[in-house]
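Student: Quick one: the structure is below, and I'll ask about it shortly.
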Amino acid sequence: MLTPNISTDMARVFLDYDETSPPQHPGSGWTRFVCISDTHSRIFPVPDGDVLLHSGDLSSWGYPEQLEGTVAWLLSLGHPTKIIIAGNHDLCLDASLPQNQQVLLLEDSSLEGVRTWMRSQALRDANLHYLEHTFLRFKTKEGREWCAYGSPSTPRYARGAFQYETAEEAHALYQQIPPETEILLTHTPPHLTLDVTRRGKNAGCPHLAEWLKNLTQCRLHVFGHIHEARGAYVVPESHKVSMLVELNKHLFNSRVKRIYDSWTSAKNDDDYSSIAEADALLIVAGDPASEDEPMRKGTCLQQWLLGYEFPSTLFLFQMDKISILCSASKAKILAQIQHSGGNIPIEILAQAKGKEAPNDALQKFVAAYGSQKRVATLVKETHTGKVVAEWEKLVNGLESTPELVDMSSAVSCFMAVKDSEELKNIQTAAALTSTLLKHHVAPKLESILDKESKVTHDMVAAQIEARLGSGEGSTAKGPDMRVWSKGKGLNDIDWQLVEFCYPPIIISRSSKSGYDLRYTVESSEDNIAHKGVVLVAFGLRYKSYCANVGRTFIVDPNSDQETQYNLLLSLQSELLSVIKDGVSAREVYQRAISFVKGKDPDLEKHFTKNVGFGMGIEFRDSAYLLSAKNGRSLKSDMIINLGLGFSELVDSSGKKYALHLVDTIRVGVDKSVLLTEGTRSSKDTLFFLTPESEQEKPKKSERKAPSAPRTNGSPQKKTAGTKVLRNQTRRAVQDDVHMTAAARLAEHQRELHEKLQAEGVQRYSEEGAGSGGKEGKGWKKFQSYKGEGALPSEVERLRIYVDRKAQTVILPMHGSAVPFHINTIKNASKNDEGEFTILRINFQTPGQLAGKKEDTPFEDPDATFIRSVSYRSPDGHRFDNICKQITDLKKEANKREQQKKEMADVIEQGTLVEIKGRRPAKMSEAFVRPALDGKRLPGEVEIHQNGVRYQSPLGSQKIGNNIKHLFFQPCDHELLVIVHLHLKSPIMIGKKKAFDVQFFREATDVQFDETGNRKRKHRYGDEDEIEMEQQERKRRAMLNKEIKVFAEKIAEAASASNGDTLELDIPFRELSFEGVPFRTSARLQPTTECLVHLTDPPFLVVTLADIEIASLERVQYSLKQFDLVLIFKDFTKAPLHINSIQSSQMDDVKNWLDSVDIPMSEGPVNLNWGPIMKHINENPHEFFHVGGWSFLGGAGGAESDRSDESDSESEFEADEEDLVDVESSDDESDYGDSDAGSDSGSDFGDDDDESGEDWDELERKAAKSDMKRAEGGKKAGDSDDSDDDRRKKTKSKSTGKANGKANGKSKR
């Protein structure tokens, strides 16, 4: 094994090694960085590693072809992540270099193309990241996250790219480096660090060297430029420790003094009575807790004392000293407090490093602990980890152990009264919380409620969290300064130290959890209700100190709700004067109860069981719970979360609701003061509906509902009045049964339609009219430059300039350079007129869709817009280039927007919590779909605590608590046995977005062939064939059993992790039917909750609960196939078309739909659902109030019988343009794409009474008509319909064919 040239606890550096046999990777827990620089177009072997870093001078002289060669070489290397920067030789990449065209003799457009390519998504997708004064957050395959920054700049030297001359330029460049940078790439070295030239000159940048002092998190700085100074330098460990972790020694000593003062006087102070008789205080810390767990009290005490959390560290406070057991690396950090001048000596017992021989540090600590008689500790806390396990083992081996007492209340008292530094941090946290409430949360909710946007609770919560930053890598976003800049005193915030106390909570009347006032509840995935009570709660930490707020918003409150909320406001004011130094928690709660009882005695039983709790580093300190049972006294400078509320209230309609008002307060000598403020008064939180919206009535249309044809795809002999049925043949009994079943189905469908209509009226009478899917639509604002100073130097020439970096086209107008962001431009075109070339640039403006309703009106109706700008020039070649640049830039912008839209609903997977102490359940030899990148190789599926993980030689894929449906499909009739996971939200698998993940194992072997899974008889006898078939059936049964048990374990793990039951669903093959949901035919199988196709991609999973209604189309006697359209309850979602289902299966499909309580309708033609759904989305309130889905008709007459009885018909009749032409033949139907037109549709006029007559009746009437014609043609001429017309109409009706414009052919 090679010995590193430089080795420390935190790094190993190899400078000299054999290229053919590089050093081995140190293993998990380490990240190997391979560092190169100044390659100047040369290609050479590079050792493998996790990350490849190249710090500039990629090319010899900056020619694009040289750069392309270097990039191709880098792409061929096997490093998972490659990060590169430019250098002074890479001339083609410096857009600000004025000599570029003279040096390279290239057009500016060619250079611009190279620069765009270096920043392209294609290179990033290949894991090659080019940094030019930019920041990158990335993860290694081990899951370690790193923050990198790259700068190509160097001090001026001769002629070159990316150079600066003045200190001002240097400071402007290097102050862009984020303080959280861990990996820094610069082309120039810092001054006095590996920067000596051949002439002995230090050529490094002193400004960079000075700025490095601010980068306390930097672990690796890679640079080049000075070839002869190559090498490596490791910052001394002592300097690194003090630079990375600096403890506040004065603060530590003062807080230790508070602990010992309280301990020595504990007998005289009830707050510290639990430690009065203790000989020592023990604080144990094991492995760090997961992010989902609340912060432990012991961890809070560590942060209070030291400012940092120290896992796997034990503190033993004795009367004469403090003993600390920790690792060697932590001992170096804690050495800062060992001789800091405190009154209590500190003994640090450092354990040996991993490769060193064990020492007696742990034994000494255990001996000190065992010598005590009574030890106070946090007895309710449990810890895990190697150190804790060894500690417990030695303690259990002691002959006698100390008596343990709980000191959690004493620890709370240590930290309860805040000093000036703590109060400053809490005030900052409160200012952050108030700013977020006033300038984002309240306006956001008001906008959602006002526009009635369809937004889920958890989506709003995620948007609130995103104000602190979101994403990672090249898509990482920092804090939203548009919000934070509006707050007071937030200019010097260290945003790395700001975090949420808990995920923001949004609750409305549509939340599954109901109105829950606890802080452990999560925002649900339901859409926010736009009426009633909306509860909001969130808290922020700054430097670990908490502040919290909670607000109630009420839409259309009644008088009781308004009175109750005002009562909470009055109660808060009352308690602020009550809560002060010396008052007990019990007195505060009793005063609150008395106040409520005096105002409204009925509300006493609805009042919360406490009115708040102590707060600081620990979010909820139960020792200072303001309840009726707590007699502990409050002291000045304590921080209280004052939470007032009523729960289990019921409004006049019988619906439950709750109210709360939460703020962070500081206890004072005479009274308390609010630290959080804003959006509290009634005018800010109560929203009253205007009279117009209250009295809004649906407008009635003059259109009439189309009548549904009464026939279906079943043979007519079962329902028509033929002679065979009248004569009561042997089929009479069967036909009677069929008629009875049809009647039951029709009756059940009538009930379902009535229920659907009632639910629709109720839903949209409460929620109001829809918005047609326009929520969130509007004209976005784009900023190309922050000011005139940021404009590129090319604008001085007053020529058209395309700035790709700023995504902007700069146009000269009346002597000024005017920038237009590419998103404001529609397109550009060029025309030649004689000697001149005309360049026309068209802009995005409202009202461009002539003759159509404007979808996105501008916010200012009086605004004036420029539709287009034209320029004329004799330089046609230049205009060609400009037009091409604008077009390419527009394509890139459109592509970016499309990708952003497609990825909007993709969720970030959480950390997989692995099962410890036992092996996880596994499914071996499994394949995954969608497949991971690379060859098709089998892998293993493992079940862990909060998800599953698939591992194969090609990589791994995890699926967390995101499973909506879980299916198991056996291999009885298939070649695969399948476990299918349908997800709530899509995830990324490789580079693809996926809603469905499938694990399968092949149930085939060599005996399966194209002959029907049987051996050929000329090779085997019948006996052998029968025996092998039996063996195959057994093998398949065993495989089904094994995989089904595994799928059930997935369901159990998901149910235990989520708390919601996840049931394993198995398709019913006997109910399956063939259809075309995509481009190819597929076998669709119902399950208990879904309709699925899982055998091959693309998969189909339709949740039955999401279906509003099913429409059976092209139901005609002459056709052998029909179509099924499923309309979803979410009207913004496009209906699902399943085409070309065999008519012989129509009864089975209808019976299945009816059995799962899905309303259905029938029609002879295809409807154009695009315009129909758009019409419904524009005003669902009106849609349901004028009949709803009744315009479709019922299922085979389910609604037609009622149509005559109803006094009013649906006024949402399908327009002619909503019907699609259908040409049918005896063989099959054309289900291809067909456009709605003026000659499409069907004339659903008023039906004659004889529409249900059979042929015998028609023949009798025809004969009577002939007799009348023979007697006198005049009477026949006066009749309403001629005999031929009457025959045509009756025949059309009986075949289920719509007369009028539906172009169909039929035979009888």
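The values are calculated or read from the model by the stated rules, or taken from the named source; none is laboratory data. In this text, all values refer to a predicted model and were calculated from it rather than measured experimentally. Cβ atoms come from the backbone with ideal geometry, glycine included; neighbour counts cover every protein chain shown. For the accessible areas, the whole protein counts, side chains as well, though only heavy atoms, and no ligand, DNA or RNA atoms are used. Shrake-Rupley method; radii C 1.70, N 1.55, O 1.52, S 1.80 Å.
Student: Of all strands (runs of 3 or more DSSP E) completely enclosed by region 584-669, which ones contain at least 3 residues that are surrounded by 15 or more Cβ atoms within 10 Å (Cβ to Cβ) and in contact with a His (Cβ under 8 Å, 6 or more places away or on another chain)?
Tutor: 639-650
Student: Could I ask something else about it? Can you find, within region 488-507, the residue that is most open to solvent (accessible area, probe 1.4 Å) among those that are not in a loop (DSSP other than H, G, I, E, B) and not hydrophobic (A, V, I, L, M, F, W, C)?
Tutor: Per the stated criteria, the residue is Gln496.
Student: Here is a further query. Against the conditions (1) within 26 Å of Glu421 (Cα to Cα); (2) modelled with pLDDT of 90 or more, where does Ala276 fall short? Just the number, please.
Tutor: (1)
Student: Check whether at least one residue in region 375-392 is more than 46 Å from the chain's Cα centre (by Cα) and exposed (fewer than 14 other Cβ atoms within 10 Å of the Cβ), and report yes or no.
Tutor: no
Student: Hey, another quick one. Does Val441 count as open to solvent by less than 10 Å² (accessible area, probe 1.4 Å) and among the aliphatic types (A, V, I, L, M)?
Tutor: Considered against the rule, which asks whether it is open to solvent by less than 10 Å² (accessible area, probe 1.4 Å) and among the aliphatic types (A, V, I, L, M), Val441 comes out as yes.
Student: Moving on to the next point. I'm told Asn248 meets every condition in (1) on the phi > 0 side of the Ramachandran plot; (2) at pLDDT below 85 except one. Can you identify the failing condition by its number?
Tutor: Here Asn248 meets the rest and fails (1).
Student: In this structure, is Glu421 surrounded by fewer than 16 Cβ atoms within 10 Å (Cβ to Cβ), touching a Pro at 6+ places or on another chain (Cβ under 8 Å) and part of a helix (DSSP H, G or I)?
Tutor: No, not satisfied.
Student: Right, here's the next one. Confirm whether Ser420 is touching a residue at least 12 places away in the same chain (Cβ under 8 Å) and among the hydroxyl-bearing types (Ser, Thr, Tyr).
Tutor: For Ser420, the condition - touching a residue at least 12 places away in the same chain (Cβ under 8 Å) and among the hydroxyl-bearing types (Ser, Thr, Tyr) - is not met.
Student: Checking the condition touching a residue at least 40 places away in the same chain (Cβ under 8 Å), open to solvent by 30 Å² or more (accessible area, probe 1.4 Å) and closer than 30 Å to Val913 by Cβ, which residue from Glu1063, Glu1074, Glu1052 passes?
Tutor: Only one candidate qualifies: Glu1063.
Student: Residue pairs, Cβ under 9 Å, 6 or more apart or interchain, first in region 1-14 and closer than 22 Å to Gln217 by Cβ and aliphatic (A, V, I, L, M), second in a strand (DSSP E or B) and modelled with pLDDT under 80. List them.
Tutor: From region 1-14, the pairs are Val13/Ile6; Val13/Ser7.
Student: Please enumerate the residues belonging to region 882-898 that are open to solvent by 40 Å² or more (accessible area, probe 1.4 Å), of a type outside the set (D, E, K, R), modelled with pLDDT under 90 and within 17 Å of Arg804 (Cβ to Cβ).
Tutor: Asn894
Student: Further, regarding this structure: Identify the residue in region 220-236 that is part of a helix (DSSP H, G or I) and loosely packed, with under 14 Cβ neighbours inside 10 Å and, among all such residues, is modelled with the highest pLDDT.
Tutor: Only one residue tops the list, namely His227.
Student: Separate question: Considering every residue within region 508-515, establish whether at least one is open to solvent by 20 Å² or more (accessible area, probe 1.4 Å) and of a type in the set (Phe, Trp, Tyr).
Tutor: Looking through region 508-515, at least one residue is open to solvent by 20 Å² or more (accessible area, probe 1.4 Å) and of a type in the set (Phe, Trp, Tyr).
Student: If you don't mind, there's one more thing I want to ask. Taking region 1147-1191 as the region of interest, how many residues are basic (Lys, Arg) and buried (at least 18 other Cβ atoms within 10 Å of the Cβ)?
Tutor: Residues that pass the stated criteria total 1.
Student: Does Ser1057 satisfy the condition of being in contact (Cβ under 8 Å) with a residue 40 or more places away in the chain, among the hydroxyl-bearing types (Ser, Thr, Tyr) and out of contact with any strand residue (DSSP E or B) (no Cβ under 7 Å at 6 or more places or on another chain)?
Tutor: Yes, satisfied.
Student: Separate question: So, in region 544-583, of the ones that are hydroxyl-bearing (Ser, Thr, Tyr) and over 23 Å from Lys683 (Cβ atoms), which residue ends up surrounded by the fewest Cβ atoms within 10 Å (Cβ to Cβ)?
Tutor: In this case the residue turns out to be Ser577.
Student: Would you be able to tell me the number of residues in region 15-54 that are over 27 Å from His89 (Cβ atoms), of a type outside the set (Ser, Thr, Tyr) and in contact (Cβ under 8 Å) with a residue 40 or more places away in the chain?
Tutor: Qualifying residue count, region 15-54: 2.
Student: Output the residues belonging to region 670-683 that are outside any loop (DSSP other than H, G, I, E, B) and surrounded by 15 or more Cβ atoms within 10 Å (Cβ to Cβ).
Tutor: Answer for region 670-683, where residues must be outside any loop (DSSP other than H, G, I, E, B) and surrounded by 15 or more Cβ atoms within 10 Å (Cβ to Cβ): Ser672, Leu674.
Student: Just give me the residues in region 850-874 being modelled with pLDDT under 60, open to solvent by less than 90 Å² (accessible area, probe 1.4 Å) and charged (D, E, K, R), in sequence order.
Tutor: Glu854, Asp855
Student: Is there any pair with a first residue in region 578-598 that is within 18 Å of Leu567 (Cβ to Cβ) and a second that is of a type in the set (Ser, Thr, Tyr) and open to solvent by 70 Å² or more (accessible area, probe 1.4 Å) whose Cβ atoms are under 9 Å apart and which are 6 or more apart or on different chains, and what are they?
Tutor: none
Student: Within region 555-568, identify whether any single residue is among the hydrophobic types (A, V, I, L, M, F, W, C) and in a helix (DSSP H, G or I), and answer yes or no.
Tutor: yes
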